[in-house]
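Q: To start, I am sharing the structure in question, which I have written as structure tokens.
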Amino acid sequence: MRTEEFEKFVASQQVAEEEDNWDKLRDEWLIDLNSLYERIIEYLDKFINEGSITYKFTDITLNEENIGEYTARSMEIHIGRQHIKLRPVGTLLIGCKGRVDVEGQGRATILLVNQKAESPADLVTIKVTAARGQTPAQVPAPQPEPSVTWTWKILTNEARRRFVDLNQDTFFRLVMEVANG
């Protein structure tokens, strides 16, 4: 019986460490999200200073499995009568570290993905570690994942979806596409 109690104790201590990891993941995501907004403000700086574009932030509540509820900011850009909203979706997504939906008359998506990714097909890799009839000794040892450099990219709305790097030119095109539907 003492072993069972100790096992429960050990398991309960692991949860606290796991929660710290989820908190860290959430905090990194919020930092990445704020860096996206800072880039966008830089892109729009000339128009903001002229008064032809305004923006505001609104706190929204996100709820992700394991992370739970937390507050993030959405951004709304006003260009005359057009309103473009950048709404964060979350960080616990397959193949990427974050997603922001861009909404106006139309819709688009900005993703925080591996810098090397050129399309959604590049985000997920399936590895088979054993085939029928192989013994564990025949299975190659897993290789450590190379470090990933994350970058914001726009997911195109073309039939063959691909990523384009987020920069001032691609962001301006994105805004015009979303505004015009």
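The values are calculated or read from the model by the stated rules, or taken from the named source; none is laboratory data. Note that the structure is a prediction, hence the values are computed from the model and not measured. Cβ: placed from backbone, ideal geometry, glycine included. Neighbour counts: every protein chain shown.
Q: For the list (1) closer than 30 Å to residue 125 by Cα; (2) hydroxyl-bearing (Ser, Thr, Tyr); (3) at pLDDT 95 or above, I need the number of the one condition that residue 71 fails.
A: (1)
Q: Right, something else. For the stretch 15-34, indicate whether the set of residues that are small (Gly, Ala, Ser), more than 19 Å from residue 168 (Cβ to Cβ) and part of a helix (DSSP H, G or I) is non-empty.
A: The answer is yes, given that some residue of the stretch 15-34 is small (Gly, Ala, Ser), more than 19 Å from residue 168 (Cβ to Cβ) and part of a helix (DSSP H, G or I).
Q: Could you please tell me which pairs satisfy a Cβ distance under 7 Å, a separation of 6+ or placement on different chains, a first residue in the stretch 54-69 that is under 17 Å from residue 92 (Cα atoms), and a second residue that is acidic (Asp, Glu)?
A: Filtered contacts from the stretch 54-69: 61/69; 63/69.
Q: Considering (1) farther than 25 Å from residue 174 by Cα; (2) surrounded by fewer than 15 Cβ atoms within 10 Å (Cβ to Cβ), say which one residue 67 fails and leave the rest.
A: Failed condition: (2).
Q: Quickly run through the stretch 147-181 and pick out the residues that are charged (D, E, K, R), farther than 16 Å from residue 36 by Cα and not in a loop (DSSP other than H, G, I, E, B).
A: 173, 177
Q: If you take the residues of the stretch 117-174 that are loosely packed, with under 11 Cβ neighbours inside 10 Å and at pLDDT 80 or above, which of them is nearest to residue 103 (Cα to Cα)?
A: My answer is 158.
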